[in-house]
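Student: Structure incoming, see below.
The values are calculated or read from the model by the stated rules, or taken from the named source; none is laboratory data. Small disclaimer: the values here were computed from a predicted structure and weren't measured. Here the Cβ positions follow ideal geometry from the backbone for every residue, glycine too, while neighbour counts run over all protein chains shown.
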Amino acid sequence: MLAYLARRLALAVLTIWAITVLSFVIIKLPPGDYITSYIAQMSASGGFVSEAEVQALRREYGLDQPGYVQYLRWMTMVLHGRFGVALEWKRPVSEVIGDRLWLTMVVSVAAIVVTWALAMPIGIYSAVRQYSTGDYVATFVGFIGLAVPSFMLALILLYLGFKYFNASIGGLFSDRYAEAPWTLAKVWDLARHLPLPTLILGFAGTAQLVRIMRANLLDELGKPYVVTARARGLSEWRVILKYPVRVALNPFASTIGYLLPYIVSGSIIVSLVLGLPTVGPLLLRALIAQDMFLAGTIVLLLGVLTVVGTFLSDLLLLWIDPRIRLEGKQ
Amino acid sequence: MPTDGRPILEVRELRTYFFPEEGTVKAVDGASFEVFPGRTLGIVGESGCGKSVTAKSILRIVERPGRIVGGAIHLRREGGTDPAATIDLATLDPAGLEIRHIRGGDIALVFQEPMTSFSPVHSIGNQMVEMIRVHTRLDKAAARERAVEMLRLVGIPRPDRRIDEYAFQLSGGLRQRAMIALALSCHPRILIADEPTTALDVTTQAQILDLLRHLQAQERMAVVLITHNLGVVAEMCDEVVVMYLGRVVERGPVDAIFHAPKHPYTRALLRSIPSIRASVRTKLPTIAGSIPHPYNRPPGCPFHPRCPDVIRGVCDRSEPGPRPVGPGQTASCFLYEESP
Amino acid sequence: MWWRFRRHKLAMVGSVVVLLFYGVVLFADFFAYAAPTASEAQRSLLPPQPLHWLDGGFRPHVYGFSGRRDPVTLKRVYTPDPAKKIPVRFFARGFEYRLLGLIPADRHLVGVEGAAAEETLFLLGTDEQGRDLWSRLMYGTRTSLTIGLLGVTISLVLGVLLGGVSGFCGGGFDTVIQRVIEILRSIPTIPLWLGLAAALPSSWTVGQVYFAITLIISLIGWTELARVVRGRFLSLREEEFVMAAELAGSSQARIILTHLVPSFSSHIIAATTLALPAMIISETSLSFLGLGLRPPAVSWGVLLQQAQNVQALAISPWLLTPAIPVIVVILAFNFMGDGLRDAADPYGH
């Protein structure tokens, strides 16, 4: 068990390191550097940057140093919670991102919860009642879910909502709460706006997980331990829910490892369509404006949070599967 | 052995067919036999002859697309004043309460592969306590106590610790012992053991068979032993049923079957056992041909294409019924004239 | 394997659809009837003109439009005019192009040959710049599907190479490659793609951007293919026939080429087919966000970009039509891939 934990932890740390490098590469990739973009930004808005100021900035950001030194400097900054300044807003990046990061995570985690809550019962039903009408319907809807990218689903629903209800279905808050400080009422408002974006985000994942759950469970249903459980006089639902479903749950639980990155990815683009106040639209704006500190920071934070989420799901797996828990304890 | 000469379980003309998309498979096609209290019935035959499906049919746990299409399975009721009172398992609702009480309560099942017969994610104790609590009114602590007791009874050392382990932590022999403990934890009247020793090595096999015999005497239960190993049959059984392609071809007391086999198939089976008395370097006889594909059952007697004594024009036309060939012994073969 | 695949009806339908789409890729110029960049300011955001087949006999035609400016919103409002019948001809002459890039031709599937200047054909309507959506969709299909194919080819090479090395050599190689795969799979891809795509210099030509985007997509997409290849290698290595070949003294290269590759090529084909939709979605997503292909390139994502806000959708819902081929082709690829996978491996999944 300790070996497993150590392995997962080491991998998580390694992944986070890879993400920091990639984020740094993204920051550094565009021609020119932060200062040139800054000057361009200033002159575009009619401002003026003196030569001395440019030199000071270059020194401060270490732009006269070789790449790895810059990377180390940047990492030190990041570790101290300083992510640089967002050009367009002329405010620290952390301030610009603000609540948006947490809202991204709220939406993503809610989407995962929805995905699981839907996929599990549907998958179980599809497997236990294989080839029934319900199974065919689930399979059909599942195919649609696989084929319609989430942003397209959002577009279509947006259009339908506009056409038939004359209502904009986007956003995470009512106008009244958008800029308001956090109160219970605002949380409630958020909760009321959550279902649609989470359903859109979770749809494709649900379709995949239903397929996985169904296939896993079909595999397990014929196993001898199910037959012996039945031969012990347990009721059919108890047999199925306690034994094969429980076993099929393990590969299912491990899917969260790639489901989370997938959904976080999707949230970027769906947020843009639905106008959700997550980091998605911000990232896009930053990239188009070549505001690389902001963009790199968003990529970094999203990546790190995803890895942490994945690590937590590994812990969950550890808790539910005795085969891993007792590994090496024979 | 206190027996009034009445069977505790009587299977009559059982037919269990499978209906996959491609056609019909007659896995069990008219099997009849009786099981007596305190005695052991052996069901032998090659793989695919319908032994396991017969066992599953008795417990009504045949998986789709299979189902019982004919015959009766009479189980004598327990403790009733009328010794003749029986219940036909074949007519029960397979998901109903009544059959569920019988499963594990009256008739228990032990499978070939103890590793896969236990849930990989539940401890042995968890599964035992669950079963005991389904069939008795014991509370959790008492059920656990009984489970520990059962594990001790089957010879598992330190049962109070082993109970919380998982099947994959035990050795093969201990696993099968645990499986037997699980099966017997509600004191069933009949134990169906489906190839209980096939997956074990030879010394462990002997121990498990010893254990079964010992427990049978102690619990006074009937045992149905399903196996393809004739040595095990000779050692353990009182009566033997020989099956071929879903049909019972011969049955009788174990001595008669081994010393005076009547059906050509039984004879061929016995000939194919290696004998210590055989002269060296003689080829071990095998049964000619192979088991037909389940979709292409031969017409007439199912064994006739491989039978050395086939009577052309008879065996390939109609199916022989069972005829008495000795005391308590019947064979389904045209070689033996129907008694008038 | 082939007959098992044939039995899979949905997979057959999927394959036919995929073939049709690649037919469009090859002959996009023929199926289009207007050059993708030809714009007509007077015909901005024109709604689709449905094709009518009969007019006292088989005479396919569309209705003309009379346009006027709404005095309040200052937007052009079009009303179909059944009196103005514009005949539509099949195999009509239109703009000149080279068939398959070789043969000069000017025939198109449909057209309004020899009609007056104001008698124009816009089967699926026009966009803001008055460009014909149908023709642009044909060219977009060409771009999006070839990007998918090219991307999957690069991924395949990477995946087979790295997955094969990983599975066959094992040891240190395997560990490193497996960790790289795990790391790549646990990073959200879209932000990464966006970051990389945004860094492409804006001075690059359409062709350069096209290849760069393909590369970016496939650099991250190879992991799944590598995983499949490695898994097959590992399980095949344990098979008896491989051991028999080894004992018979075959060289490693010979074992790989004559024993391993044939026995998993069907899996590779299936996995590739299933990887294609992801490639197509990736390109579409990137272009949709404005960070993939850029105009004047035409792809499904570029076309959908115009449908990004709800106001545009409310006024001109036909801008959403490029979503239909995306969904159809992804479904078709999925059906086909599922069928191939079942045929390759009837017992596993």
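Student: Out of A:Leu312, A:Leu241, report the one residue that is within 30 Å of B:Glu165 (Cβ to Cβ), away from chain C (no Cβ under 14 Å) and assigned to a helix (DSSP H, G or I).
Tutor: None of the others qualify; the one that does is A:Leu241.
Student: Could you tell me whether A:Gly266 is at the interface with chain C (Cβ under 8 Å from one of its Cβ atoms) and either in contact with a Pro (Cβ under 7 Å, 6 or more places away or on another chain) or closer than 17 Å to A:Leu201 by Cα (or both)? Break it down stepwise before answering.
Tutor: Working: at the interface with chain C (Cβ under 8 Å from one of its Cβ atoms): yes; either in contact with a Pro (Cβ under 7 Å, 6 or more places away or on another chain) or closer than 17 Å to A:Leu201 by Cα (or both): yes.
When the stated conditions are applied, A:Gly266 passes them.
Student: A:Val106: within 20 Å of the chain's Cα centre (by Cα) and surrounded by fewer than 21 Cβ atoms within 10 Å (Cβ to Cβ), yes or no?
Tutor: Answer is yes for this residue.
Student: In the range A:6-23, which residue that is surrounded by 18 or more Cβ atoms within 10 Å (Cβ to Cβ) and within 9 Å of chain C (Cβ to nearest Cβ) is farthest from A:Thr297 (Cα to Cα)?
Tutor: A:Leu11
Student: Further, regarding this structure: Residues of the range A:205-235 being at pLDDT below 85 and among the acidic types (Asp, Glu), which ones?
Tutor: Result: A:Asp219, single match.
Student: Identify the residue in the range B:109-126 that is of a type in the set (Ser, Thr, Tyr) and not in a helix (DSSP H, G or I) and, among all such residues, is farthest from the other protein chains (Cβ to nearest Cβ).
Tutor: The qualifying residue farthest from the other protein chains (Cβ to nearest Cβ) is B:Ser123.
Student: If C:Gly151 meets every condition in (1) within 14 Å of another protein chain (Cβ to nearest Cβ); (2) at pLDDT 85 or above; (3) farther than 22 Å from A:Ile19 by Cα apart from one, which number is that one?
Tutor: Of everything listed in (1) within 14 Å of another protein chain (Cβ to nearest Cβ); (2) at pLDDT 85 or above; (3) farther than 22 Å from A:Ile19 by Cα, C:Gly151 misses just condition (1).
Student: Quick check on my filter: what residues within the range C:230-249 are part of a helix (DSSP H, G or I), within 40 Å of the chain's Cα centre (by Cα) and of a type in the set (D, E, K, R)?
Tutor: C:Arg230, C:Arg232, C:Arg237
Student: Name the residues in the range A:79-96 that are touching a residue at least 12 places away in the same chain (Cβ under 8 Å) and farther than 19 Å from A:Leu287 by Cβ, would you?
Tutor: A:Gly81, A:Arg82
Student: If you don't mind, another one. Under 7 Å between Cβ atoms, which residue pairs at least 6 apart in sequence (or on different chains) link something in the range B:300-321 that is of a type in the set (Ser, Thr, Tyr) with a partner that is in a loop (DSSP other than H, G, I, E, B)?
Tutor: B:Ser318/B:Gly300
Student: Take C:Trp300 and decide whether it is within 14 Å of another protein chain (Cβ to nearest Cβ), under 24 Å from C:Met336 (Cα atoms) and not β-branched (Val, Ile, Thr).
Tutor: Yes; evaluated as a whole, the condition is true for this residue.
Student: In the range A:68-107, how many are farther than 15 Å from A:Val299 by Cα and hydroxyl-bearing (Ser, Thr, Tyr)?
Tutor: Qualifying residue count, the range A:68-107: 3.
Student: Any chance you could count how many residues in the range C:190-226 are assigned to a helix (DSSP H, G or I), in contact with a Pro (Cβ under 8 Å, 6 or more places away or on another chain) and surrounded by fewer than 20 Cβ atoms within 10 Å (Cβ to Cβ)?
Tutor: Count: 1.
Student: Still on this structure, please answer the following. List, please: which pairs have Cβ atoms under 6 Å, are six or more places apart or on different chains, and start with a residue in the range C:185-209 that is at the interface with chain A (Cβ under 7 Å from one of its Cβ atoms) and under 24 Å from A:Ile256 (Cα atoms) and end with one that is part of a loop (DSSP other than H, G, I, E, B) and modelled with pLDDT of 80 or more?
Tutor: Short answer, once both residue conditions are applied: C:Leu194/C:Leu291.
Student: Is it true that B:Ser47 is in a strand (DSSP E or B) and of a type in the set (S, T, N, Q)? Give the steps one after another, and end with the answer.
Tutor: Working: in a strand (DSSP E or B): no; of a type in the set (S, T, N, Q): yes.
Criteria not met by B:Ser47.
Student: Another one. What pairs come out if I take residues in the range A:1-17 that are closer than 13 Å to C:Glu182 by Cβ and pair them with residues that are of a type in the set (Ser, Thr, Tyr) and not in a helix (DSSP H, G or I) whose C-beta lies under 9 Å away, six or more apart or interchain?
Tutor: A:Leu11/C:Ser186; A:Ala12/C:Ser186; A:Thr15/C:Ser186
Student: Go through (1) β-branched (Val, Ile, Thr); (2) more than 30 Å from C:Trp222 (Cα to Cα); (3) at pLDDT 80 or above one by one and return the number of the condition C:Ile181 breaks.
Tutor: In the conditions (1) β-branched (Val, Ile, Thr); (2) more than 30 Å from C:Trp222 (Cα to Cα); (3) at pLDDT 80 or above, C:Ile181 misses (2) alone.
Student: Let me confirm something: among A:Leu153, A:Leu158, which residue is touching a helix residue (DSSP H, G or I) at 6+ places or on another chain (Cβ under 8 Å), more than 23 Å from A:Leu259 (Cα to Cα) and part of a helix (DSSP H, G or I)?
Tutor: A:Leu158
Student: Of the numbered conditions (1) under 24 Å from the mean Cα position of the chain (by Cα); (2) aromatic (Phe, Trp, Tyr); (3) away from chain C (no Cβ under 11 Å), A:Tyr164 satisfies every one except a single condition; which is it?
Tutor: Against the list (1) under 24 Å from the mean Cα position of the chain (by Cα); (2) aromatic (Phe, Trp, Tyr); (3) away from chain C (no Cβ under 11 Å), A:Tyr164 comes up short only on (1).
Student: Something else about it: Looking at B:Gly321, B:Gly328, which is the one that is within 30 Å of B:Pro37 (Cα to Cα), touching a helix residue (DSSP H, G or I) at 6+ places or on another chain (Cβ under 8 Å) and loosely packed, with under 12 Cβ neighbours inside 10 Å?
Tutor: Answer to the selection: B:Gly328.
Student: Could you say which residue among C:Val310, C:Val328 is surrounded by fewer than 21 Cβ atoms within 10 Å (Cβ to Cβ), within 12 Å of the chain's Cα centre (by Cα), among the β-branched types (Val, Ile, Thr) and assigned by TED's automatic domain parsing to the domain that holds C:Val228?
Tutor: Among C:Val310, C:Val328, only C:Val328 is surrounded by fewer than 21 Cβ atoms within 10 Å (Cβ to Cβ), within 12 Å of the chain's Cα centre (by Cα), among the β-branched types (Val, Ile, Thr) and assigned by TED's automatic domain parsing to the domain that holds C:Val228.
Student: Quickly run through the range B:131-150 and pick out the residues that are touching a helix residue (DSSP H, G or I) at 6+ places or on another chain (Cβ under 9 Å) and more than 14 Å from chain A (Cβ to nearest Cβ).
Tutor: Result: B:Leu138, B:Asp139, B:Lys140, B:Ala142, B:Arg144, B:Arg146, B:Val148, B:Glu149.
Student: Further question on the same structure: Of all strands (runs of 3 or more DSSP E) completely enclosed by the range B:194-260, which ones contain at least 1 residues that are more than 15 Å from the chain's Cα centre (by Cα)?
Tutor: B:247-253
Student: A further question on this structure: When the residues of the range B:151-162 are filtered to those that are outside any helix (DSSP H, G or I) and under 20 Å from B:Leu212 (Cβ atoms), which remaining residue is farthest from the other protein chains (Cβ to nearest Cβ)?
Tutor: Step one: list which residues in the range B:151-162 are outside any helix (DSSP H, G or I), which gives B:154-158.
This time we only want the ones that are under 20 Å from B:Leu212 (Cβ atoms), so: B:154-157.
Values: B:Val154: 16, B:Gly155: 21, B:Ile156: 17, B:Pro157: 16 Å.
Per the criteria, the residue is B:Gly155.
Student: Any idea how many residues of the range B:73-108 are part of a strand (DSSP E or B), at pLDDT below 90 and facing another protein chain (nearest Cβ under 8 Å)?
Tutor: 0
Student: Out of C:Ser316, C:Ser285, report the one residue that is buried (at least 19 other Cβ atoms within 10 Å of the Cβ), within 10 Å of another protein chain (Cβ to nearest Cβ) and either within 22 Å of C:Gly207 (Cα to Cα) or touching a residue at least 60 places away in the same chain (Cβ under 8 Å) (or both).
Tutor: C:Ser285
Student: Would you confirm whether any residue within the range A:53-63 is at pLDDT 70 or above, farther than 23 Å from A:Leu300 by Cβ and either in contact with a helix residue (DSSP H, G or I) (Cβ under 7 Å, 6 or more places away or on another chain) or crowded, with 16+ Cβ neighbours inside 10 Å (or both)?
Tutor: Yes, the range A:53-63 has at least one match.
Student: Right, something else. Restricting attention to the range B:60-72, does a residue exist that is crowded, with 19+ Cβ neighbours inside 10 Å, within 14 Å of chain A (Cβ to nearest Cβ) and more than 30 Å from B:Glu13 (Cβ to Cβ)?
Tutor: Looking through the range B:60-72, none of the residues is crowded, with 19+ Cβ neighbours inside 10 Å, within 14 Å of chain A (Cβ to nearest Cβ) and more than 30 Å from B:Glu13 (Cβ to Cβ).
Student: I've got another one for you. Can you report the number of residues in the range C:59-80 which are modelled with pLDDT of 75 or more and exposed (fewer than 12 other Cβ atoms within 10 Å of the Cβ)?
Tutor: 1
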